[in-house]
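Chemist: Mind having a look at this structure? Questions to follow.
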């Protein structure tokens with residue numbers, strides 16, 4: 001018996017340029033100055049986790065390190081703070097990729113939440129080692145808002161891969 005809520009469409013292979021484009025858009029969104037407004041999602045971490053789960057052989061810890069350094073430069077953070085957190089996030093997401101692909105998007109979001117929290121805890125630890133104060137518990141709200149965006153982000157990032165529904169009577173597949 002097949003689940004009725006799942007799509008039967010076949011996804012086309014993702015293009016590498018689209019993965020990099022989506023990460024660059026997320027980087028641009030992270031450069032928007034929001035001040036200390038709590039709950040703003042970490043766009044790069046969210047998109048990086050998505051692609052590490054969907055395409056673990058194409059996007060991994062190297063991309064996490066590179067984009068983490070770009071976020072550090074753009075936000076004026078301690079150099080390597082985001083890079084370390086994104087490398088650990090990419091490692092965890094790639095390691096759980098095969099398992100997470102069996103779950104629907106809502107359950108994937110529940111699995112992604114601890115990964116995002118671990119990345120944020122690492123960033124706080126690096127900041128505190130560098131001499132900054134604890135940012136407060138509201139700082140961790142962004143992981144929860146990121147998880148709320150997981151389902152729409154999944155739909156949006158998979159949209160170019162959906163194959164058009166065309167029926168060819170000459171092909172059995």
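Chemist: Can you confirm whether residue 101 is surrounded by fewer than 17 Cβ atoms within 10 Å (Cβ to Cβ), out of contact with any strand residue (DSSP E or B) (no Cβ under 9 Å at 6 or more places or on another chain), under 19 Å from residue 89 (Cβ atoms) and touching a residue at least 40 places away in the same chain (Cβ under 8 Å)?
Modeler: Details: surrounded by fewer than 17 Cβ atoms within 10 Å (Cβ to Cβ): yes; out of contact with any strand residue (DSSP E or B) (no Cβ under 9 Å at 6 or more places or on another chain): yes; under 19 Å from residue 89 (Cβ atoms): yes; touching a residue at least 40 places away in the same chain (Cβ under 8 Å): yes.
Considered against the rule, which asks whether it is surrounded by fewer than 17 Cβ atoms within 10 Å (Cβ to Cβ), out of contact with any strand residue (DSSP E or B) (no Cβ under 9 Å at 6 or more places or on another chain), under 19 Å from residue 89 (Cβ atoms) and touching a residue at least 40 places away in the same chain (Cβ under 8 Å), residue 101 comes out as yes.
Chemist: Now for a different question. If I ask for residues that are loosely packed, with under 14 Cβ neighbours inside 10 Å and out of contact with any helix residue (DSSP H, G or I) (no Cβ under 7 Å at 6 or more places or on another chain), which ones from segment 131-143 would you list? Outline the logic, then answer.
Modeler: Pass one, segment 131-143, residues loosely packed, with under 14 Cβ neighbours inside 10 Å: 131-134, 136-138.
The answer is 131, 132, 133, 136, 137, 138.
Chemist: Also: Can you name the residue in segment 144-167 that is modelled with pLDDT under 90 and surrounded by fewer than 12 Cβ atoms within 10 Å (Cβ to Cβ) and, of all such residues, is nearest to residue 110 (Cα to Cα)?
Modeler: Checked segment 144-167; the qualifying residue nearest to residue 110 (Cα to Cα) is 159.
Chemist: Here is a list: 115, 106. Which entry is surrounded by fewer than 13 Cβ atoms within 10 Å (Cβ to Cβ) and in contact (Cβ under 8 Å) with a residue 40 or more places away in the chain?
Modeler: Numbers: 115 fails: surrounded by fewer than 13 Cβ atoms within 10 Å (Cβ to Cβ).
Unique residue meeting the criteria: 106.
Chemist: Another one. Regarding residue 75, is this residue farther than 21 Å from residue 147 by Cβ and out of contact with any strand residue (DSSP E or B) (no Cβ under 7 Å at 6 or more places or on another chain)? Show your work before the answer.
Modeler: Details: farther than 21 Å from residue 147 by Cβ: yes; out of contact with any strand residue (DSSP E or B) (no Cβ under 7 Å at 6 or more places or on another chain): yes.
Answer is yes for this residue.
Chemist: With the requirement that a residue be touching a helix residue (DSSP H, G or I) at 6+ places or on another chain (Cβ under 8 Å) and not in a helix (DSSP H, G or I), what does segment 93-121 give you?
Modeler: 96, 101, 103
Chemist: Under 9 Å between Cβ atoms, which residue pairs at least 6 apart in sequence (or on different chains) link something in segment 12-30 that is touching a residue at least 12 places away in the same chain (Cβ under 8 Å) with a partner that is surrounded by fewer than 16 Cβ atoms within 10 Å (Cβ to Cβ) and not in a helix (DSSP H, G or I)?
Modeler: 12/162; 12/163; 14/58; 16/58; 19/58
The values are calculated or read from the model by the stated rules, or taken from the named source; none is laboratory data. The structure presented is a predicted model; accordingly, all values stated were derived computationally and were not measured. When we count neighbours, we look across all protein chains shown, and the Cβ atoms used for this are built from the backbone with ideal geometry, even at glycine.
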